[in-house]
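Reviewing the structure listed below.
The values are calculated or read from the model by the stated rules, or taken from the named source; none is laboratory data. Quantities reported herein were computed from a predicted structural model and do not represent experimental measurements. Backbone-built Cβ (ideal geometry, glycine too); neighbour counts: all protein chains shown.
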Ligand code: URA
């Protein structure tokens, strides 16, 4: 077999066989197929697409290219959740404990943030001492004991995806639906869950800016799940504005804790309840979404959900007193208000711009090696639909003095991110579609 023949075949719109896809991924991982040939193949896929079978083959080959996690020693149906990235998305920190409190084991591997999107692992590290690197055996036994563990991805999971993703990043081939779908699903499959709930974001802060594209991506991922025997459902949720009010690591932990106490922002609480309901149904702990919601609400009201978070923090070496009293979490030295320069109603909030502003204040990474400031971030006081008066606070920037050089740019980004209309703005739906 020769790579050039497979590139030509795809360029001409033909379907590659399972053996041909395996040959490409193996050759690329081992270095016998060079970057330039893989880039040409990715571009051919960008234009010609891939069938559901090809996409599933690509996914499985990437999933098995490195370490895989075997969750079979954990009792019960293991349900994973994956969000396609966003601004202010702290859903894992709410949903993990919530679902675990309802009896579904959560053995979760999460990522770090890059650019304008945050990462769950960075957020958890805002809790003093919290260890995100457990040995496999510790990880399994913690889930068996308390029902919940959240760790960073192990060093050598899905190396073929890592290599291909880096190549796509510099060859304008990231935004191909089959390539994104196989990249995301390969990591979920390698992480070992029996069933998967996908939270596909749509809107200005998301990978997929339009609802149609988001639904197409969701369908491609659900198809892969079906083909490889993992029950998968996808919820299309709004990322046209950041989720909740807090953007920034320690600030998001505070908001997640408030949500587990039933005192969180409505949008965050609602999206978490919807995603968690699907997890309970897939995990066999509820017969319907309605029943699941009742169970979950009861776990919040009784304090069991928050208690589950505390158990995880304790088990992973974190300081539980910071959960009991979130004012003990890292706090920025400066709080700078951004005020509205006109009256009206909030029409839009460019989530990506808010994410970049938070990064400029130190909350995110510009490059893979940047050190993040756990206390920094943006607190949105106004969300879409809210009325605002001239001089009223739209948002508050939290920063430490060492990041003061980013202040002016962050301030103008936040102000520019807000669109204000003279007319009342109807509330946007939080969830647009369910793909099963
Ligand atoms: N996230 C991924 O993990 N892979 C992609 O290709 C795009 C987004």
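Looking across 85, 96, one residue alone is surrounded by 20 or more Cβ atoms within 10 Å (Cβ to Cβ), assigned to a loop (DSSP other than H, G, I, E, B) and either touching a residue at least 24 places away in the same chain (Cβ under 8 Å) or within 16 Å of the ligand (Cβ to nearest atom) (or both). It is 85. Of 355, 364, all but one fail to be closer than 18 Å to residue 253 by Cα, assigned to a loop (DSSP other than H, G, I, E, B) and modelled with pLDDT under 95; the exception is 364. Of all the criteria given as (1) within 12 Å of the ligand (Cβ to nearest atom); (2) surrounded by fewer than 21 Cβ atoms within 10 Å (Cβ to Cβ); (3) over 20 Å from residue 352 (Cβ atoms), the one not satisfied by residue 144 is (1).
State the number of residues belonging to the stretch 26-35 that are crowded, with 20+ Cβ neighbours inside 10 Å and either part of a helix (DSSP H, G or I) or without any contact (Cβ under 8 Å) to a residue 24 or more places away in the chain (or both). Talk me through it step by step, then tell me what you get.
Narrowing the stretch 26-35 to residues crowded, with 20+ Cβ neighbours inside 10 Å: 28, 33.
Within this subset, residues satisfying the condition of being either part of a helix (DSSP H, G or I) or without any contact (Cβ under 8 Å) to a residue 24 or more places away in the chain (or both) are 28.
The total comes to 1.
Could you go through the stretch 329-352 and let me know if any residue there is part of a helix (DSSP H, G or I) and either in contact (Cβ under 8 Å) with a residue 12 or more places away in the chain or in contact with a helix residue (DSSP H, G or I) (Cβ under 7 Å, 6 or more places away or on another chain) (or both). Yes, because at least one residue in the stretch 329-352 is part of a helix (DSSP H, G or I) and either in contact (Cβ under 8 Å) with a residue 12 or more places away in the chain or in contact with a helix residue (DSSP H, G or I) (Cβ under 7 Å, 6 or more places away or on another chain) (or both). Please indicate, with yes or no, whether at least one residue in the stretch 44-57 is more than 16 Å from the ligand (Cβ to nearest atom) and either under 30 Å from residue 308 (Cα atoms) or assigned to a loop (DSSP other than H, G, I, E, B) (or both). Yes - at least one qualifying residue is present in the stretch 44-57.
The residue of the stretch 200-229 that is farthest from residue 116 (Cα to Cα), among those that are within 13 Å of the ligand (Cβ to nearest atom) and outside any helix (DSSP H, G or I), is 200.
Residue-by-condition table, conditions (1) modelled with pLDDT of 95 or more; (2) away from the ligand (no atom under 16 Å from the Cβ); (3) part of a helix (DSSP H, G or I):
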site	(1), (2), (3)
123	yes, yes, yes
128	yes, yes, no
131	yes, yes, no
150	yes, yes, no
167	no, no, yes
171	no, no, no
175	no, no, no
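If the condition is being at pLDDT below 75 and either part of a strand (DSSP E or B) or buried (at least 23 other Cβ atoms within 10 Å of the Cβ) (or both), then the stretch 106-115 contributes only 114.
Being within 16 Å of the ligand (Cβ to nearest atom), assigned to a helix (DSSP H, G or I), within 18 Å of residue 232 (Cβ to Cβ) and touching a helix residue (DSSP H, G or I) at 6+ places or on another chain (Cβ under 8 Å) is a property that residue 38 lacks. Residues that are in a helix (DSSP H, G or I) and more than 8 Å from the ligand (Cβ to nearest atom) were ranked within the stretch 183-194; the one that is nearest to residue 167 (Cα to Cα) is 186. Within the set of pairs 6+ apart or on separate chains, which have a first residue in the stretch 174-186 that is free of Cβ contacts under 8 Å to residues at least 24 places away in the same chain, a second that is within 8 Å of the ligand (Cβ to nearest atom) and not in a loop (DSSP other than H, G, I, E, B), and C-beta atoms under 7 Å apart? Every condition considered, the pairs that remain are 174/168. Of the helices (runs of 4 or more DSSP H) lying entirely inside the stretch 238-325, the ones with 2 or more residues being over 26 Å from residue 141 (Cβ atoms) are found at 249-260, 266-282, 289-301. The sole residue among 273, 260 that is modelled with pLDDT of 95 or more, away from the ligand (no atom under 16 Å from the Cβ), more than 18 Å from residue 395 (Cα to Cα) and surrounded by 24 or more Cβ atoms within 10 Å (Cβ to Cβ) is 260.
When the stretch 152-163 is filtered for residues that are out of contact with any helix residue (DSSP H, G or I) (no Cβ under 7 Å at 6 or more places or on another chain) and within 11 Å of the ligand (Cβ to nearest atom), the ones remaining, listed by number, are 153, 162.
Answer yes or no as to whether residue 203 is in contact with a strand residue (DSSP E or B) (Cβ under 7 Å, 6 or more places away or on another chain), modelled with pLDDT under 95 and surrounded by 21 or more Cβ atoms within 10 Å (Cβ to Cβ). Yes, satisfied.
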